[in-house]
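All remarks here apply to the structure that follows.
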Amino acid sequence: MGLWQSYKLRWRRKGWRARAAVRGRELSRVVDRTSAIRPGDILLFATERDEAVRLPYFLRYYRELGVDHFLVVDNDSTDGARDYLAEQPDVSLWHTARSYKRARYGVDWMNALLGRYGHGHWCLTVDPDELLIYPFCDTRPLPALTDWLDGAGVRSFSAMLLDMYPKGPIAAQRYRPGQDPLEIAAWFDPGNYRSLKNPDLGNLWIQGGPRSRVFFADRPWEAPALNKIPLVKWHRRYAYVSSTHMLLPRGLNLVYDAGGGERASGLLMHTKFLDTLGAKADEELARGEHYAASREYAAYARGLSETPELWTPWSEKFLNWRQLEILGLMSKGEWA
């Protein structure tokens, strides 16, 4: 990368941080427990709206994994999610009724909180329908992973989004609050993934899986991106550029071995495809607050009426992280 490109990226990063500082003023504190955060704590950052049904398991899962404190933005929920979060002793909560779209789909809000509270901490930025798994996660908690990353001098950790779905019609099985969503959405596509390198920021752009296969079959280049870098040893100078798909400085996006080897990586088990999706798609289409005029939710609404089932005979049922490593969907790299 030349000096001129490096200079331009540095100014882009400063621009995103300045924008986050402005949009951060849209957040009002509901409950601030950040004084309980201690050096070395692992922090989780999330934006949510009307996710009351998912939050009990989401919080329990990440507490058991090793997260110490949750910093959450509630985007004007009407289902009781805000009240539920405010009662949790390890949650600091902010509220805003301002536009999710104008905040770059919540990225500005996350950058604002990460810049203020995340400096020096390993920070996990995820959605309520994303469950992180990584090599040895069944025996080694998240602090073991971050300690190893620190020792290896690694600042960022990738986790491809793996769309999970049930066997049978998506709407056929009711999801209950507190239930592990993988009890229902237990299946995934073992292949059908493609990647390209982004020449600008250096990250890998990954697409495929059931959303490409079913909802964007006629235009796969418009399918949602699956590449994510959700776990970062944060510095106040950093900034997410687009969701958690890519960051600045550019070096944080080099989460793969350009020489063809393997670096440790995880997966975000994406549990969007539950019986709650139909109502969610209708709501988000009406709000028009998502990317590209809510194109993704329009595809869901249309696809669910035409193809209510994502399962195929070559779908695989999730067993454990070792199965996913064998399939090449994640890697333990040098972490043994």
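In µm²/s, what is D for segment 1-151 at 20 °C and 1.002 mPa s, where D = kT/(6 pi eta Rh) by Stokes-Einstein and Rh is the Kirkwood radius from Cα pairs?
130
Taking the simple approach of a point 7 Å from Cα along Cα-to-Cβ for both Arg29 and Trp205, what is their distance in nm?
So the two model labels end up 4.1 nm from each other.
Over segment 205-336, what lengths in whole Å, largest first, do the semi-axes of the equivalent ellipsoid take, defined as the square roots of 5 times the eigenvalues of the alpha-carbon gyration tensor?
After diagonalising the Cα gyration tensor, the semi-axes are 29, 21, 13 Å.
Assuming 0.36 nm per residue, please report the length gained on full extension of the stretch Glu316 to Thr78 beyond their Cα-Cα distance.
Contour length minus Cα-Cα distance gives 82.1 nm.
For a protection proxy built on the mean count of beta-carbon atoms within 10 angstrom, sort 65-74, 314-323 highest first, please.
Top of the packing list down: 65-74, 314-323.
At 0.36 nm per residue, minus the direct Cα-Cα distance, what do Ala298 and Leu3 gain on full extension? Give it in nm, one decimal, please.
Extra length from Ala298 to Leu3 when fully extended: 102.0 nm.
Counting only protein heavy atoms, what percent of the accessible surface of segment 1-137 is carbon or sulfur at a 1.4 Å probe?
Carbon and sulfur together cover 49 percent of it.
Of the beta bridges DSSP finds with both residues in segment 15-104, what % are antiparallel, to the nearest 5? The partial results should precede the final answer.
Numbers: 3 of 14 bridges.
Of the beta bridges lying entirely in segment 15-104, close to 20 percent run antiparallel.
About its Cα centre, how strong a charge dipole does the chain have in debye, to the nearest 20, once Lys and Arg get +1 and Asp and Glu get -1 at the Cβ?
1580
Once you place label points 7 Å from the Cα toward the Cβ at Arg12 and Gln323, how far apart are they in nm?
Each label point is offset 7 Å from its Cα along the Cβ direction, giving 3.9 nm.
Structure shown: which of Lys228/Lys317; Lys228/Lys280; Lys197/Lys272; Lys14/Lys197; Lys101/Lys332; Lys280/Lys317 lie over 29 Å apart, alpha-carbon to alpha-carbon?
Cα-Cα > 29 Å for Lys101/Lys332; rest within.
In Å and whole numbers, how far do the C-alpha atoms of the chain stretch along each principal axis, longest first?
Computed over the Cα atoms, the extents are 48, 48, 41 Å.
Which percent, to the nearest 5, of DSSP beta bridges fully inside the chain are antiparallel? Before the final figure, lay out each step's value.
Details: 23 of 42 bridges.
Antiparallel bridges: around 55 percent, rounded to the nearest 5.
Can you give me the convex hull volume of the Cα atoms of segment 104-182, divided per residue and expressed in Å³?
156
The values are calculated or read from the model by the stated rules, or taken from the named source; none is laboratory data. Since this is a predicted model, take the numbers as computed values, not measurements. Backbone-built Cβ (ideal geometry, glycine too); neighbour counts: all protein chains shown. Ligands, DNA and RNA are stripped out before the accessible areas are found, and what is left, the full protein with its side chains, is counted by its heavy atoms. Shrake-Rupley method; radii C 1.70, N 1.55, O 1.52, S 1.80 Å.
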